Amino acid sequence: MSSSKKDNIYSPFIVFDIGSASVGAALVVFNNDTNKINILYDTRVFIAFQDKLEDRYLTFAMISALKKVTENIQDKGINRLSDERIKIKNIKDVFCILSSSWYEVQIKNLKFKEEKPFNISSKFISAILDEESKKFTESRGKLIEKNVIQILLNGYNTNNPYGKEALTVDTTIFISSMSGEIQDRIKDILETVFTSSDVSFNTFALASFSVVRDIFKTEKNFLLLDISGEMTDIILVRNETITKIASFKLGRNFLIRKTASSLNTIVEEAHSLIRLFMDGKSKDTESEKIKVILNEAKGEWLSFLRKILSDFSEGFSLPKTVLLTVDTDMGRWFIDIIKNDEFSSHTLAEEPFTVVELSSRILNEYCTMPESSTKGCDPFLALEALFVHKIANK
């Protein structure tokens, strides 16, 4: 990114967080003096709730939410640029970070061995990426990312392999793709407003892993969980790289649907009853009903989680640390059941999981909001903005 306004302020960029329960966006600059991202304006619009989850209706609802978010940025957010003496034409980059509802991903480890040391060139690595991404996307739509996330030369991790020689090369690659039709619809909306900007796409899986690895430098092994509206994503990180990734279609909205169905009520009422219960404010008669429903939901959600963690462990101990992104209104419920689940006995020390929620409290150290704002950074947008700044300034 080029500099704008002053040497200590980078050009503004926009991050769109395209989830399965909401769409958010942030207008961001980076301040070299504070070494923080400065969120000038952020907005979030909830995706219309689906009583019965169907992909085509979810796509339609997401596009509708995206249009509203874009309007909010155009009508309100751009005014913040004038406060900073920055013009809209300075926005050259628009980034869309997608939740797992909108992409497919593959993690692959490739090993190369020669009898004599051979030179590691950028051409060698690019050829690997090109071949694997071509195979992966043949029937999966448009390529989003093809990244090498770790390279081992003769068994040792290196961040700068080019020009070096080795007998063995181990590469871990991350490849993702999305529907070309959905990508085109998103770009059509954004390019109508940000006419001189480049629109690019990334996955929340890669963005959150990349930023979390930088923030928690002492954690070499951990589980990274993202519990969104419709999905739960689990990433296993060993020796500072992603080794496995999996998802299942039960997220925060699953609790609301189950409660609404069990009580034969509308989703808004079900959501309100759940929040009152979790805040300890339910009436006695309602509290007992909600408790029974959530206990059933807990069993269903944990059965999927346990299956994935069992597949992940493959006879080895799991990392003790769980780093979690989740909507705050139900975060405590998920944290408690993860910490108290019997599967935590499979950690190295046979102790309960240590769950760290990636909340505003943690991310406020890396981002600032306008003085007029009474809230902290939106954790999802903050993580994504940090990732964008990182990849844009390599």
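The values are calculated or read from the model by the stated rules, or taken from the named source; none is laboratory data. Source: prediction; values computed, not measured. Glycine also receives a Cβ, built like all others from the backbone with ideal geometry; neighbour counts cover every protein chain displayed.
Some points to look at:
- Taken across segment 96-114, residues that are in a helix (DSSP H, G or I) and either without any contact (Cβ under 8 Å) to a residue 60 or more places away in the chain or under 18 Å from Tyr156 (Cβ atoms) (or both) do not occur at all.
- Taking segment 16-38 as the range and being buried (at least 23 other Cβ atoms within 10 Å of the Cβ) and of a type in the set (Val, Ile, Thr) as the test, the residues that pass are Ile18, Val23, Val28, Val29, Ile37.
- Test for Tyr162: is it farther than 22 Å from Asn202 by Cα, free of Cβ contacts under 8 Å to residues at least 40 places away in the same chain, surrounded by fewer than 17 Cβ atoms within 10 Å (Cβ to Cβ) and aromatic (Phe, Trp, Tyr): no
- Residue list for segment 276-297, restricted to those being among the basic types (Lys, Arg) and modelled with pLDDT of 90 or more: Lys289, Lys291
- Residue match in segment 237-253 (condition: touching a helix residue (DSSP H, G or I) at 6+ places or on another chain (Cβ under 8 Å) and assigned to a helix (DSSP H, G or I)): yes
- Single match in Phe277, Phe304 (criterion: assigned to a helix (DSSP H, G or I), touching a residue at least 12 places away in the same chain (Cβ under 8 Å) and in contact with a strand residue (DSSP E or B) (Cβ under 6 Å, 6 or more places away or on another chain)): Phe304
- When segment 188-210 is limited to residues that are within 10 Å of the chain's Cα centre (by Cα) and hydrophobic (A, V, I, L, M, F, W, C), the one that is nearest to Phe16 (Cα to Cα) turns out to be Phe204.
- Strands (runs of 3 or more DSSP E) fully within segment 1-76 counting 1 or more residues that are modelled with pLDDT of 90 or more: 13-18, 22-31, 36-46
- Residue ranges of strands (runs of 3 or more DSSP E) in segment 144-228 with at least 3 members touching a Pro at 6+ places or on another chain (Cβ under 8 Å): 165-178
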